[in-house]
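The values are calculated or read from the model by the stated rules, or taken from the named source; none is laboratory data. Bear in mind the structure is a predicted one, so any value in this text is a computation, not a measurement. Here the Cβ is made from the backbone with ideal geometry for all residues, glycine too, and neighbour counts use every protein chain on show.
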Amino acid sequence: MKAKITNVTFKKEYESKFGTMYGFNVEYDGKSAYYSSKKKDQNKFVKGQEVEFTEEKRKNDKGEYLIVKPIYEGGNSNFGRQLKREQSKYSGFAVSYVKDLIIAGKLEMKDWESASKKICMFMVNLDKEIEK
């Protein structure tokens, strides 16, 4: 969801399993939601700016409330970084496999580039299937 932030108010500082966290009340589109940040001077939700975020309903003994979480641009998760690192190795593996095919007489030297790309893309697509 995308909305213009009308107000952001610092509420409290608290300890969690992730260390010291800072709670904020975020107002947008006539709604009020809670946001937790690792920084007291957070910059994800700023009054007057339009922000893309996810909205989540939660319940406690006092009733229902909303939680907002900013949508991060790619590359922030350890899984994503690890996957990219693995996929960057695929080009080397692919060329090595093609070299073996050429030496074994199963592939012509002139076809090495297209065969390497094909093998590399196969491995990347296989990773994408596993992710699902």
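Values for this structure:
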| item | result |
| --- | --- |
| Of residues in region 96-132 being acidic (Asp, Glu) and over 29 Å from GLN82 (Cβ atoms), the one surrounded by the fewest Cβ atoms within 10 Å (Cβ to Cβ) | GLU108 |
| Options LYS117, LYS99, LYS89; residue that is at pLDDT 95 or above and farther than 24 Å from THR6 by Cβ | LYS99 |
| Residue selected from region 81-95 under the condition hydroxyl-bearing (Ser, Thr, Tyr) and surrounded by 12 or more Cβ atoms within 10 Å (Cβ to Cβ), by the criterion nearest to SER116 (Cα to Cα) | SER91 |
